[in-house]
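Heads up, the thing below is written out as structure tokens.
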Amino acid sequence: MLKGKTILITGAGGLLGSQITSSLVTKGANVIATDISVSAMSDKLEMLMDIKSELLTLIELDSTDEQAMKAFFSTQTELHGAVNCTYPRNKQYGNSFLEVSLDSFNENVSLHLGSSFLFMQQCATQFLKQQAPMSVVNISSIYGVVAPKFSLYDGTPMTMPVEYAAIKSALLHLNKYVTAFVKDSRFRVNSISPGGILDNQPEEFLAAYKNETHGHGMLSPDDMTGSVIFLLSEQAKYITGQNIIIDDGFTV
């Protein structure tokens, strides 16, 4: 479905971004993989794929740097798709709600939601320049759709950051804004909203989370790739401004 297509992946060195990058190359796409550190991205991707593949291009890019983002997009001739997997945050990110300072909250919203705005703005600019079909996919979350189930975190050092919930819910509406602004069937912006993804969480949390699902529990990064590939493909060519929830029934 994507053979020969050029797809941009930002945050390609992350847990989800690396898996999506590997899957897209397997499908024959030409992938431009970017992250803030090429060496760290290479290390992560090497665990999943051959990073010397002629279908893969690695580029150092800070998604929160407006000038760097604009400079990067100015060099692109044609992008068929783009997936934003970045997750920028400050060192205070993850504090409990009552301990979050206004400055820290504002900084995290600026970093994460602000860079997502910049990503979508530059994708829209790219589409208007190339005048060829382009599909954009953002990563939201189940906690951009429903309120957190805080009882899941009882007895663990974990919480659901307030910044995360605010950012991921805002991202869903930003998708709709951008598609309505461009208003061209050839330019699509959608999201996936993953449920919990395995990443060395405590066993007590994993057990509590599984009880809220239909039996599978936490998901793997690979469980997300099918929906991303679908949204990038021609099979989804009239789907825009939408959100696909992938959570084994957690939000039902």
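Overview of values
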{"read-out": "Computed FRET value (nearest 0.05) for residue 150 with residue 110, which takes r as the C-beta separation and R₀ as 25 Å", "value": "0.45"}
{"read-out": "Sum of side-chain charges, residue 100 neighbourhood, beta-carbon under 15 Å (Lys, Arg +1; Asp, Glu -1)", "value": "-2"}
{"read-out": "Per-selection Rg to Rh, the chain - Cα, Kirkwood hydrodynamic radius", "value": "0.95"}
{"read-out": "Theoretical ellipticity at 222 nm over the chain - DSSP helices of four or more residues, -39500 (n - 2.57) apiece, nearest 500", "value": "-12500 deg cm²/dmol"}
{"read-out": "Pairs of lysines in the chain (C-alpha under 21 Å apart; 8 or more residues apart or interchain)", "value": "21"}
{"read-out": "Degrees separating the helix 162-182 axis from the principal Cα axis of the chain, which is the longest one", "value": "30 degrees"}
{"read-out": "Span from the the range 224-249 Cα centroid across to the the range 80-158 one, whole angstrom", "value": "18 Å"}
{"read-out": "The chain: antiparallel DSSP beta bridges as a percent of all, rounded to 5", "value": "0 percent"}
{"read-out": "Charge sum, other residues only, whose C-beta stays under 15 Å from residue 241's C-beta, Lys/Arg counted +1 and Asp/Glu -1", "value": "+4"}
{"read-out": "Peptide ranges 57-68, 201-212 listed from the most packed, as the mean C-beta count within 10 angstrom indicates", "value": "57-68, 201-212"}
{"read-out": "Whole-Hz ³J(HN,Hα) from phi, Karplus 6.51 cos²θ - 1.76 cosθ + 1.60, for the range 80-85, glycine and proline x", "value": "8, x, 8, 10, 9, 10"}
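Any read-out appearing in this document is the output of simple, stated calculations on the displayed coordinates, not a laboratory observation. All of these numbers come straight from a predicted model, not from anything done at the bench. Because the Cβ atoms are built from the backbone with ideal geometry, glycine has one as well, and the counts that use them run over all protein chains shown.
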